[in-house]
Each structure stands twice: as C-alpha cells, then as structure tokens.
Amino acid sequence: MAYGRYVAICKPLHYGTLLGSRACVHMAAAAWGSGFLSAVPHTANTFSIPLCQGNVLDQFFCEIPQILKLSCSDAYLREVGLLVLGVCLAFGCFIFIMLSYVKIFRAVLRIPSEQGWHKVFSTCLPHPAVVSLFISTGIFAHLKPSSISSPSLDLVVSFLYSVVSPAVNPLIYSLRNKELKDAVWKLMTGC
C-alpha cells in the first residue's frame, strides 16, 4: 500500500509501468511467502514444546508467549530467537513503509496548493498510524519482560493488535467516502 501511494504521488506518470499486474503479483507473492517462511519455524517449534502446566491459556486465542508459559522445556530460548527474527522482519517492513511515506510527504510539501496537502495527508496518514499501532503493540506483547506481565495486560495488548488494528483499518478508509461520512453523521446526530 505504501509503495502504491508512493508511486501514485511521486511518480504518477510511471504508475502503469511500475505497478502493473506483474509487480502486484510479485509483491503479493513476497508478502505471502515471507509470512509463510516466518510462520513455519514458529509452528514447528510450538508443536515440539512439551506442556507440563496444563493447556489452559489466559488469552482469547492461542499465542506463542502464552504457550511458552505452559512449557516445561528449554524451548524458550529457541522461541525467543524466532520471535526476535519475526520482530526484525516486521521492523524492516515498518522502515520500508515509513521511508515510503517520508518520500511522499516530502513530495507533497512541494505542492503549492494547501488543498492538495490536505487531500494527500488525509489519505496517507491513517495507514502509517494503523501500521504503527499494530507493530508496536505486537512487539510489546511478544518481547516485554515477564516482570511486567499480567493476564489482564496481556489480554489488552493482544486485543489491540489482533482486533483493534484490523477493525480500525476499514473504518478509517471507508470514512473517506463522502456518502458514508454523511450517513454516519446523520446516525450520530439522530436526524
């Protein structure tokens, strides 16, 4: 999404060639492939962990840090290594997204029209905000020290990155639609 906006704003005349169907297939394959390659070691490691403290989690879904709390083996260090690798992958993606938006904002600030600024900023700011919320809460959930861990904090943080971020995304993008904005406004004002 960030690269698509970067090309649309910074290189609009090259949009068709830079973001053709082949480029979209390559980007989708890279996203799916990196997700798969990241998930395979986690899954293999999770299924190899012996559980000695039961199998009840203090979460609403099965998550690696919660499974590690039930483990009675030394798989903790292996899993922490895998989590750090995942965080590095997520951080790399985050840096790429932020660099794309920095280039977009630099290009937008050169636009003389204030109306153009408003349109681009209102279009572009929600994406890095949602990505920042997702990545920061995910990293906090998986890499926080166990000394500050509590079941309620774990539940709130995992709720933020697993439910709030995906729920906010379509809401933010749909509120840019004028008809939907008007319908929400009518609903809120009771008219």
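Where in the range 11-73 are there helices (runs of 4 or more DSSP H), lying wholly inside it, with at least 2 residues that are out of contact with any Leu (no Cβ under 7 Å at 6 or more places or on another chain) and under 22 Å from Phe91 (Cβ atoms)? Let's see the steps before the verdict.
Details: elements: 15-18, 21-47, 64-70.
So the answer is 21-47, 64-70.
Filter the range 28-45 down to the residues that are surrounded by 11 or more Cβ atoms within 10 Å (Cβ to Cβ) and within 16 Å of the chain's Cα centre (by Cα) and list them by number.
Answer for the range 28-45, where residues must be surrounded by 11 or more Cβ atoms within 10 Å (Cβ to Cβ) and within 16 Å of the chain's Cα centre (by Cα): Ala31, Ser34, Gly35, Ser38, Ala39.
Output the residues belonging to the range 161-189 that are small (Gly, Ala, Ser) and at pLDDT 75 or above. Write out each step before concluding.
Our first condition is that a residue be small (Gly, Ala, Ser); within the range 161-189, this holds for 162, 165, 167, 174, 183.
Result: Ser162, Ser165, Ala167, Ala183.
Quick check on Arg22: is it out of contact with any His (no Cβ under 7 Å at 6 or more places or on another chain), basic (Lys, Arg) and exposed (fewer than 11 other Cβ atoms within 10 Å of the Cβ)? Talk me through it step by step, then tell me what you get.
Numbers: out of contact with any His (no Cβ under 7 Å at 6 or more places or on another chain): yes; basic (Lys, Arg): yes; exposed (fewer than 11 other Cβ atoms within 10 Å of the Cβ): yes.
Considered against the rule, which asks whether it is out of contact with any His (no Cβ under 7 Å at 6 or more places or on another chain), basic (Lys, Arg) and exposed (fewer than 11 other Cβ atoms within 10 Å of the Cβ), Arg22 comes out as yes.
Within the range 112-162, work out how many residues are hydroxyl-bearing (Ser, Thr, Tyr) and either closer than 16 Å to Ala2 by Cα or touching a Gly at 6+ places or on another chain (Cβ under 6 Å) (or both).
Keep residues of the range 112-162 that are hydroxyl-bearing (Ser, Thr, Tyr), which gives 113, 122-123, 132, 136-137, 146-147, 149-150, 152, 158, 161-162.
Applying the additional criterion that residues be either closer than 16 Å to Ala2 by Cα or touching a Gly at 6+ places or on another chain (Cβ under 6 Å) (or both) yields 122-123, 132, 161.
The qualifying residues number 4.
Looking at this structure, is Gln59 within 24 Å of Leu153 (Cα to Cα) and exposed (fewer than 11 other Cβ atoms within 10 Å of the Cβ)? Can you show your working first?
Details: within 24 Å of Leu153 (Cα to Cα): yes; exposed (fewer than 11 other Cβ atoms within 10 Å of the Cβ): no.
Here the answer is no, as Gln59 does not meet what is asked.
Would you confirm whether any residue within the range 46-53 is within 21 Å of Gly138 (Cα to Cα), out of contact with any helix residue (DSSP H, G or I) (no Cβ under 6 Å at 6 or more places or on another chain) and surrounded by fewer than 14 Cβ atoms within 10 Å (Cβ to Cβ)?
No, the conditions are met nowhere in the range 46-53.
Here is a yes/no grid of residues against (1) in contact with a helix residue (DSSP H, G or I) (Cβ under 7 Å, 6 or more places away or on another chain); (2) modelled with pLDDT of 80 or more:
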{"site": "Leu82", "(1), (2)": "yes, no"}
{"site": "Gly86", "(1), (2)": "yes, no"}
{"site": "Leu99", "(1), (2)": "no, yes"}
{"site": "Phe105", "(1), (2)": "no, yes"}
{"site": "Ser113", "(1), (2)": "no, no"}
{"site": "Trp117", "(1), (2)": "yes, no"}
{"site": "Pro126", "(1), (2)": "yes, no"}
{"site": "Ile139", "(1), (2)": "yes, no"}
{"site": "Ser152", "(1), (2)": "no, yes"}
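May I ask you to list the residues in the range 108-164 that are in contact with a Ser or Thr (Cβ under 6 Å, 6 or more places away or on another chain) and without any contact (Cβ under 8 Å) to a residue 24 or more places away in the chain?
Across the range 108-164, the qualifying residue is only Val157.
Filter the range 141-150 for residues that are surrounded by fewer than 12 Cβ atoms within 10 Å (Cβ to Cβ) and either modelled with pLDDT under 75 or not aliphatic (A, V, I, L, M) (or both); which is nearest to Leu99 (Cα to Cα)?
Of the range 141-150, the ones surrounded by fewer than 12 Cβ atoms within 10 Å (Cβ to Cβ) are 145-148, 150.
Of the ones still in play, those that are also either modelled with pLDDT under 75 or not aliphatic (A, V, I, L, M) (or both) are 145-147, 150.
Details: Pro145: 30, Ser146: 33, Ser147: 34, Ser150: 35 Å.
The qualifying residue nearest to Leu99 (Cα to Cα) is Pro145.
The values are calculated or read from the model by the stated rules, or taken from the named source; none is laboratory data. Quantities reported herein were computed from a predicted structural model and do not represent experimental measurements. All Cβ positions, even for glycine, are placed from backbone atoms using ideal geometry, and neighbour counts span all protein chains on display.
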